[in-house]
Amino acid sequence: MKGRFAVLVDRSRSMNFPSGREGEPRTAAAATAVRAARESIEALGDRLNVEWWRFDRDAAPADLASLSK
């Protein structure tokens, strides 16, 4: 039985505020981080069940494409 590795990405309203990096919104910074880590995280799939989630008030499964844009 494989273990579980969950990636949670904040999608609350506060993510629309600037991240501090050239004024880009936090959502853009999070999407950049997801894209940068995607290959490494997906490589864990041979040992772990990788799950992608988004959260604000509630958490819900998310597809990778929606988290990286």
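With a cut-off of 12 Å between beta carbons, the residues surrounding Leu48 carry a summed charge of 0, where Lys and Arg count +1 and Asp and Glu -1. Under 5 Å from the amide H of Val50 lie the amide H atoms of Phe5, each residue being 5 or more positions distant or on a separate chain, with H modelled from the backbone and absent for Pro and chain starts. With all protein chains in place and a 1.4 Å probe, the accessible surface of the chain carries 52 percent carbon and sulfur. Against the main long axis of the alpha-carbon atoms of the chain, helix 26-42 sits at an angle near 20°. Quick one: net charge around Ser66, please, counting Lys, Arg +1 and Asp, Glu -1 for every other residue with C-beta under 11 Å from its C-beta. Around Ser66, the charge tally is +2.
Would the range 16-65 count as rounded, prolate or oblate if I go by the C-alpha gyration tensor, calling it rounded below 1.5 in a/c and otherwise prolate when a/b exceeds b/c, oblate otherwise? Oblate is the answer for the range 16-65, as a/c is 1.5 or above yet b/c matches or exceeds a/b. The charge dipole of the chain, taken about its Cα centre with unit charges on the Cβ of Lys, Arg, Asp and Glu (plus for the first two, minus for the last two), comes to roughly 100 debye.
Calculated from DSSP H runs of 4 or more alone, at -39500 (n - 2.57) each and per residue, what is the 222 nm mean residue ellipticity of the chain, nearest 500?
On the way: 2 runs with 21 residues, N = 69.
Here the helix-only value at 222 nm equals -9000 deg cm²/dmol.
Excluding ligands, DNA and RNA, the accessible surface per residue across the chain is 72 Å² with a 1.4 Å probe. Rolling a 1.4 Å probe across all protein chains gives Asp10 an accessible area of roughly 40 Å².
What does the charge count around Met15 come to, taking other residues whose C-beta lies under 12 Å from its C-beta (Lys +1, Arg +1, Asp -1, Glu -1)?
Values: positive: Arg11, Arg13, Arg26, Arg54; negative: Asp10, Glu24, Asp56.
Cβ neighbours under 12 Å give a net charge of +1.
The values are calculated or read from the model by the stated rules, or taken from the named source; none is laboratory data. Everything numeric in this text was worked out from a predicted model, so none of it was measured. Virtual Cβ from ideal backbone geometry, glycine too; neighbours counted across all protein chains shown. Heavy atoms of the whole protein, side chains included, go into the accessibility calculation; ligands, DNA and RNA do not. Shrake-Rupley method; radii C 1.70, N 1.55, O 1.52, S 1.80 Å.
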